Amino acid sequence: MSTALTDSVVVKPRRNIELVLLVLALLVGIGASVLSSVNNPGSLNGSFWFQSSLLAVASLAMHITLRIRAQYADPFILPVAVALNGLGLAMIHRLDGSKGTAGDNQLRWTLIAVACTIVLIWVLRDHRRLRGFTYISLAVSAVLLVLPMVPGLTAGDINGAQLWIQIGPFTFQPAEIAKITLAIFFAGYLSVNRDLILLAGRKIGPLQLPRFRDMGPMLAAWAVSIGILVLQRDMGTSFMFFSLFMVMIYVATGRVSWVVIGLILIAVAGTVAAQLFTHVKFRMESWYDAFDPVIYNRDPGGSSQIVNGLFGMADGGIFGTGLGQGQPYLVPYANSDMIIASFGEELGLIGLAGMILLYLLLITRGFRAALGARDSFGKLMGVGLSFVMAVQCFVVIGGVTRLIPLTGLTTPFLAAGGSSLLANWIVVGLLLMISNTARGPVDTSPLHHGDDDSAGASAPPSGDTAPIRDTHVTQEVS
Amino acid sequence: MNQAIRNAWIATVVLFALLFGAVSYIQVIGARDLNTNPLNTLALTRSLCNDRGTILAGGQPIAESVAGNEACKSKRSYPDGAVYAGITGYYSTNGSQGSTGMERSMNSELTGASDQQFLDRVRQLFLGKQPQGANVETTLDPKIQKLAYGLIPDGVQGYIVVQNPKTGAILAMVSKPSYDPNTVATLDRSAAAAAKAQLDGTQGINLYQNVSGPTGALLSPGSVFKLVDTAAALESGKYNKDSVLPNPAQMSFPGIDYKLPNYAGGQCYTQTQASFAFALANSCNTPFAGIALDLGENKIADKAKAFGIGQDPGDQLHLDYGKGKFPTGLNQPQLAQSAIGQFDVLVTPLQISMLTSAIANGGVQMKPELVKTLRAPDLRVITEYQPEALRTATTPAVAQQINDWMVGVVDNGLAAGAAVPGVKVAAKTGTAELGNGLNNSWFTGFAPADNPQVVVTIAIHGVDVATGAQLTSPNAKKLFEAVLNK
């Protein structure tokens with residue numbers, strides 16, 4: 001690079017890289033659909049190409065939105081999300097066979113989710129504006145979490161948990177959206193109050209205890225988690241919320257003691273729950289005694305689902321059976337809770353490890369955006385949203401692989417389910433906006449919009465001298 | 001704050017490292033254990049959905065693989081299912097109901113896993129093709145099979161075996177009640193389970209042990225067993241073709257209040273002394289009970305064994321079978337009853353067909369043969385089964401003598417209904433009392449007597465005498481005519 005830029009780095013929007021990666025991502029998703037269809041005559045029907053082009057159009061619309069509204073956004077996040085979403089669509093379609101409608105439904109929700117995200121980015125422009133919604137978010141979260149228990153709205157018990165609401169023919173999982181609103185609330189609250197929490201309060205031994213009233217939100221979060229566990233009977237969601245809160249308070253305060261206290265609280269709650277609730281007890285037994293024939297055959301609460309998922313993955317081995325050639329449909333919920341096992345069977349260790357790497361990449365870019373964010377609200381929200389996705393992956397994949405007890409969290413972007421898709425696309429939208437401000441030039445004036453030359457059709461003049469449009473100095477680039 | 005973010009990211013990486021470890025363990029290190037876990041049915045269900053060979057009768061498929069659904073790419077179909085159900089059995093494609101009949105006994109050939117098909121498997125492996133099973137060509141004649149099936153009225157429990165005595169080839173083998181194997185072979189698990197449950201509740205169908213039908217149903221033979229007595233008597237040297245047998249109306253036993261009556265249906269009451277010809281033609285009981293008491297239990301038991309009762313039918317049947325038995329340790333009344341095929345004597349319809357075949361074939365019993373050819377999908381013959389002698393049941397002279405007397409049974413005895421104009425038919429009928437007023441009605445015979453081409457054996461279970469008579473000899477006649485093209 002030119003010597004004139006020793007203490008300043010030119011920020012490139014890198015939208016072209018995103019476009020190239022996006023095409024690759026679409027090839028992955030649509031290619032997976034084609035592969036799985038080859039072995040299932042009938043599923044590669046006329047509407048297939050129409051549907052594939054819908055996915056491509058949605059992705060490109062998102063890309064163009066970024067070019068206009070958030071041109072410095074991280075170029076890896078969108079392609080990774082599209083690739084995972086496309087793979088999920090392919091597998092859900094493949095599991096549908098000729099009769100199921102889950103794949104069409106998933107595509108519909110993908111389009112809705114991408115559209116919502118585009119609108120969000122278009123309207124919001126800057127994530128910092130969400131700080132004004134701190135307490136509104138809290139209220140919305142509370143409403144969302146209570147909804148599944150409201151008579152008339154509740155979809156009742158589904159698989160032992162009460163997490164869904166039903167409006168007309170649609171079922172919806174409000175907790176998926178609540179994880180976002182809670183992240184906004186915590187980010188807003190902690191970015192304002194972190195000094196108070198840090199400085200006020202007494203010190204007992206090595207532990208700096210905050211004042212009780214500063215502890216309030218934390219206890220509230222813990223209460224919410226326990227409430228979900230008790231009232232809605234879902235360990236995974238409960239754990240997800242608690243993790244969200246813990247990581248945000250840790251990042252806000254930098255105190256490991258919070259994490260220690262939090263882990264102890266989780267352990268206590270989990271142990272008590274395992275004693276008190278049969279469904280939790282069953283889940284624990286299905287985990288550590290999965291191959292016991294009695295537990296395997298128990299209905300409900302047996303381990304046959306997880307064990308058959310393991311058998312499928314083992315059958316897939318390193319290289320997998322090939323898309324459309326395995327028998328993942330033998331496992332209940334093969335297209336949602338167990339979709340990771342379905343991929344493990346048909347794509348093998350290589351494919352599954354690749355997908356887990358995609359997740360890690362997506363989450364890492366989220367952390368990177370948080371690291372680069374110049375405002376503590378953005379940092380906290382970025383970390384919270386990224387970490388919650390990581391926890392979700394860990395809980396689901398860990399559950400399916402019998403690393404931890406299986407609970408009913410959704411696999412981001414892959415699992416069949418509209419609310420999960422919508423929520424995760426909104427998370428992607430927020431991370432993109434955070435990364436846009438993180439990577440973009442420090443500029444307090446209104447942003448310039450429109451296509452710029454480095455992102456346009458014309459290539460840069462030469463390989464190593466990038467056009468300099470903006471001389472603002474930034475400290476962090478990725 | 002940034003340090004905390006980095007730490008949180010490190011924690012995330014640790015979590016993901018755990019996931020990579022777990023996935024690697026399942027898919028690589030622990031995969032073998034999981035694949036061989038007894039709870040694991042993946043390999044089984046995958047093989048279940050592969051194409052299987054076709055079972056054919058006279059060039060027509062009687063069990064074939066047809067397109068299934070997404071979950072299971074091929075399933076079994078049975079054209080004329082009920083007619084051949086006793087032979088094919090069924091193959092439950094989704095594995096939920098197991099398999100029976102030839103689908104079970106020829107499974108390795110039908111899937112291509114048998115030893116003879118080893119080289120084919122290697123070739124298919126290199127060509128990247130799905131393993132293909134052999135086609136099984138049976139000896140059955142669809143025309144005779146369908147005719148025989150139609151001869152047993154619905155609602156009657158009956159069995160018919162039509163066999164070539166010289167080769168042992170089975171031309172037809174039917175039993176009723178039958179069922180449609182398609183109902184159990186369906187891919188719809190609950191429908192399959194319901195169909196199977198219904199069949200399990202049907203009298204005369206025993207799916208679990210695969211021993212219903214002509215090869216497995218154990219019945220008391222009644223008077224057809226007298227053929228064994230006759231052979232034993234002639235071989236003993238104590239009797240010859242001119243022997244005069246005492247023929248009392250009933251036989252008493254010292255010290256026991258039991259009397260064995262003579263058969264009431266024929267002309268037995270007209271003579272107190274009988275020739276073999278008369279005793280066989282009218283199926284008189286007391287002469288044969290007398291022979292058995294005279295020769296002793298061992299002689300009769302040995303002869304029953306020589307004719308295959310209580311024995312294996314050889315390796316060319318490819319079906320499960322019942323063995324039957326001639327009881328041992330008998331007292332005198334029991335021996336007398338056993339000699340006329342009552343008491344604890346149990347045989348299968350196939351065994352009686354084999355017994356008669358041995359007489360028709362000069363005393364040599366051929367292996368009952370149900371599979372003619374095993375053919376690869378490319379029509380290459382894998383195995384061609386040749387007729388093989390199973391055992392020598394009696395001498396040619398004794399066989400010829402019994403043959404002659406059996407002609408008399410048709411010409412001027414109880415089996416007159418089986419007579420075919422222009423053809424010499426030899427036969428023996430039997431009626432075994434079941435103790436509830438109902439009987440097993442038997443017919444076994446062959447034609448033409450001087451050059452036997454076909455043995456017909458009919459067993460009707462649990463009918464009154466008149467129905468039994470109506471369903472045996474006249475039906476045998478139709479089968480003789482059909483096979484001999486008369």
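For the range A:99-156, the set of residues classified as more than 18 Å from A:Gln173 (Cα to Cα), open to solvent by less than 40 Å² (accessible area, probe 1.4 Å) and not in a helix (DSSP H, G or I) consists of A:Gly100, A:Asp126, listed by residue number. Restricted to the range B:32-61, and to residues there that are within 15 Å of A:Thr321 (Cα to Cα) and touching an Asp or Glu at 6+ places or on another chain (Cβ under 8 Å), the residue that is least open to solvent (accessible area, probe 1.4 Å) is B:Leu42.
Only one of the numbered conditions (1) in a strand (DSSP E or B); (2) over 28 Å from B:Asn240 (Cα atoms); (3) open to solvent by 10 Å² or more (accessible area, probe 1.4 Å); (4) out of contact with any Lys or Arg (no Cβ under 7 Å at 6 or more places or on another chain) is not met by B:Arg391, and that is (2).
Being modelled with pLDDT under 85, buried (at least 18 other Cβ atoms within 10 Å of the Cβ) and of a type in the set (Val, Ile, Thr) holds for only one residue in B:Ile170, B:Ile205, and it is B:Ile205. With respect to the stated conditions, B:Asn37 fails to be within 8 Å of another protein chain (Cβ to nearest Cβ) and closer than 30 Å to A:Met246 by Cα.
If you filter the range A:286-319 down to residues that are touching a residue at least 12 places away in the same chain (Cβ under 8 Å), more than 10 Å from chain B (Cβ to nearest Cβ) and not in a helix (DSSP H, G or I), you find that the one that is farthest from B:Gln27 (Cα to Cα) is A:Pro300. Being open to solvent by 10 Å² or more (accessible area, probe 1.4 Å) and touching a Pro at 6+ places or on another chain (Cβ under 6 Å): is that true of B:Val455 here? The answer is no for B:Val455.
Can you tell me which residues in the range A:330-345 are of a type in the set (A, V, I, L, M) and surrounded by 24 or more Cβ atoms within 10 Å (Cβ to Cβ)? Of everything in the range A:330-345, those that are of a type in the set (A, V, I, L, M) and surrounded by 24 or more Cβ atoms within 10 Å (Cβ to Cβ) turn out to be A:Val331, A:Ala334, A:Met338, A:Ile339, A:Ile340, A:Ala341.
Every condition in (1) out of contact with any Gly (no Cβ under 7 Å at 6 or more places or on another chain); (2) open to solvent by 20 Å² or more (accessible area, probe 1.4 Å) holds for B:Phe480 except the one numbered (2).
Restricting the search to strands (runs of 3 or more DSSP E) fully inside the range B:226-298 and requiring at least 2 residues that are hydroxyl-bearing (Ser, Thr, Tyr) gives an empty result. Looking across A:Gly348, A:Gly344, one residue alone is more than 23 Å from A:Ala183 (Cβ to Cβ), of a type outside the set (S, T, N, Q), touching a Leu at 6+ places or on another chain (Cβ under 6 Å) and facing chain B (nearest Cβ under 7 Å). It is A:Gly344. The condition (being open to solvent by 10 Å² or more (accessible area, probe 1.4 Å), modelled with pLDDT of 90 or more and within 14 Å of another protein chain (Cβ to nearest Cβ)) is satisfied by just one residue among A:Leu403, A:Leu422, A:Leu431: A:Leu403. The single condition among (1) facing chain A (nearest Cβ under 9 Å); (2) modelled with pLDDT of 80 or more; (3) surrounded by 14 or more Cβ atoms within 10 Å (Cβ to Cβ) that B:Asn69 does not satisfy is (2).
None of B:Gly462, B:Gly445 is within 13 Å of B:Ala432 (Cβ to Cβ) and not in a loop (DSSP other than H, G, I, E, B) except B:Gly462.
The values are calculated or read from the model by the stated rules, or taken from the named source; none is laboratory data. From a predicted model like this one, the values you see are computed outputs, not experimental measurements. So basically every Cβ, Gly included, is an ideal-geometry build from the backbone, and we count neighbours across all protein chains shown. What goes into the accessible areas is simple: the full protein's heavy atoms, side chains included, and nothing from ligands, DNA or RNA. Shrake-Rupley method; radii C 1.70, N 1.55, O 1.52, S 1.80 Å.
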